[in-house]
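Shown next, in structure tokens, is the structure this report addresses.
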Amino acid sequence: MTARAGALPQRRDFVGHDGIPLTADVWGEASAPPLVLLHGGGQTRHAWGWTGPRLATLGWRVIAPDLRGHGTSGWSADGDYDLDLFAQDVRALVAELGNEPVLVGASLGGLSSLLAAGEAPRAAMRALVLVDVAHRPDPRGVRRIVAFMRGRPDGFTSVGEAAAAVAAYLPHRPRPDALAGIRNNLRRSGDHWVWHWDPRMLDSFEDRMDPPGMAERLLDAARHADVPILLVRGGISDVVREDIAEQFCDRVPKARRVDVADAGHMVAGDRNDHFIDAIVPFLEGIEGMEEMDGMEGIERS
């Protein structure tokens, strides 16, 4: 059966680095080529709740995991959430799939995928889509994210109160009529609702976003990834400036870029249909290139 927009996913468990359990939602036929959706920091796999089934209708087997410390995946026992640990989890997940996937990573998911793709041991993948993440973020945008994540440490008295906080944080996005999407990103803590991620992640989070040498490290990883790379930038993003996106593509020969108008840092959540329209030509181009590669050496009469 082919998945449809809004279709319920299947659940699948993966094993990340050092045995940490990773919970994933899966859409599409088991025989279809795999495509992995990796959410940003402070989100969960439910961030892809509309993207996953839509891509499955286009012929992909879509896997959307909760990153470590997020959702129902395992939390680091020692509270360590170094970027390299996330990259190791990506490598473990790709290896467990056993078939080279396309990776689509937003923010933290994109940084983790980029290191996994370009640093040894390199994860075997077909292509990489970076969703509003490049080698260097705008510190003002990072500070705004951290301020939101640090806000309300005691949680919310209701799901509706959490929805109001998100609406204030994302004024450019229409407020949803239903609260199910917000509910998926919360968990109960006593008589309050709190975000469904490990609060210890925030320790030194801002410093880890752009430490000394990280920009060159990420550019070097991108140059060594040896796969097509698409940078999807939110047209009104306050995290990836236009000049930084241009610099990334200038310095990474296999990278190309597309902007999604009226979308902020959380591109898929802001403009899901436009996001899918932006990546489909790239995905179709990958398949076309592979078909041409498969014909090399064939004599034509």
Criterion violated by Leu85 - all others in (1) among the aliphatic types (A, V, I, L, M); (2) touching a Pro at 6+ places or on another chain (Cβ under 6 Å); (3) in a helix (DSSP H, G or I) satisfied: (2)
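Tally the residues that are surrounded by fewer than 23 Cβ atoms within 10 Å (Cβ to Cβ), closer than 22 Å to Ala124 by Cβ and not polar (S, T, N, Q), restricting the search to the range 79-90.
Looking only at the range 79-90, we keep the residues that are surrounded by fewer than 23 Cβ atoms within 10 Å (Cβ to Cβ), and these are 79-80, 82-85, 87-88.
From what's left, closer than 22 Å to Ala124 by Cβ: 83-85, 87-88.
Retained after the next criterion (residues that are not polar (S, T, N, Q)): 83-85, 87.
Of the residues in the range 79-90, 4 are surrounded by fewer than 23 Cβ atoms within 10 Å (Cβ to Cβ), closer than 22 Å to Ala124 by Cβ and not polar (S, T, N, Q).
Do you know which of the residues in the range 236-246 that are in a helix (DSSP H, G or I) and in contact with a Lys or Arg (Cβ under 8 Å, 6 or more places away or on another chain) is farthest from Arg122 (Cα to Cα)? Lay out the reasoning, then the answer.
Here is the first cut: in the range 236-246, the residues in a helix (DSSP H, G or I) are 242-246.
Next, from what is left, pick out any that are in contact with a Lys or Arg (Cβ under 8 Å, 6 or more places away or on another chain): 242, 244-246.
Details: Glu242: 29, Ile244: 25, Ala245: 24, Glu246: 25 Å.
Filtering first and then ranking leaves Glu242.
Tell me the residue from Arg144, Arg140, Arg152, Arg183 that is modelled with pLDDT of 90 or more and either under 30 Å from Lys254 (Cβ atoms) or of a type in the set (Ser, Thr, Tyr) (or both), please.
Values: Arg144 fails: either under 30 Å from Lys254 (Cβ atoms) or of a type in the set (Ser, Thr, Tyr) (or both); Arg152 fails: either under 30 Å from Lys254 (Cβ atoms) or of a type in the set (Ser, Thr, Tyr) (or both); Arg183 fails: either under 30 Å from Lys254 (Cβ atoms) or of a type in the set (Ser, Thr, Tyr) (or both).
The conditions single out Arg140.
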Near pairs, Cβ below 7 angstrom, 6+ apart or cross-chain, from the range 224-235 (part of a loop (DSSP other than H, G, I, E, B)) to any residue that is β-branched (Val, Ile, Thr): Pro228/Ile286; Gly235/Val260
Candidate set: the range 245-267, residues that are over 12 Å from Leu130 (Cβ atoms) and aliphatic (A, V, I, L, M); chosen: the one surrounded by the fewest Cβ atoms within 10 Å (Cβ to Cβ): Ala261
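Hey, can you tell me all the residues within the range 100-150 that are in a loop (DSSP other than H, G, I, E, B), of a type outside the set (D, E, K, R) and closer than 17 Å to Arg233 by Cβ?
Step one: list which residues in the range 100-150 are in a loop (DSSP other than H, G, I, E, B), which gives 100-101, 107, 119-126, 132-138.
Checking the rest, the ones that are also of a type outside the set (D, E, K, R) come to 101, 107, 120-121, 123-125, 133-135, 137.
Within the range 100-150, Ser107, Val133, Ala134, His135, Pro137 meet the criteria.
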Count - residues of the range 155-186 that are touching a strand residue (DSSP E or B) at 6+ places or on another chain (Cβ under 6 Å) and either more than 19 Å from Gly71 (Cβ to Cβ) or in a strand (DSSP E or B) (or both): 2
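Hey, among Val62, Val102, which residue is out of contact with any Asp or Glu (no Cβ under 9 Å at 6 or more places or on another chain) and farther than 17 Å from Asp198 by Cα?
Details: Val62 fails: out of contact with any Asp or Glu (no Cβ under 9 Å at 6 or more places or on another chain).
On inspection, the qualifying residue turns out to be Val102.
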Ser76 out of contact with any strand residue (DSSP E or B) (no Cβ under 9 Å at 6 or more places or on another chain), among the small types (Gly, Ala, Ser) and either touching a residue at least 60 places away in the same chain (Cβ under 8 Å) or crowded, with 19+ Cβ neighbours inside 10 Å (or both): yes
Listing of strands (runs of 3 or more DSSP E) fully contained in the range 1-79 that carry 1 or more residues being over 17 Å from the mean Cα position of the chain (by Cα): 10-15, 21-27
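The values are calculated or read from the model by the stated rules, or taken from the named source; none is laboratory data. The structure presented is a predicted model; accordingly, all values stated were derived computationally and were not measured. Don't worry about glycine lacking a Cβ; one is built from the backbone with ideal geometry, like all the others, and counts go over all protein chains shown.
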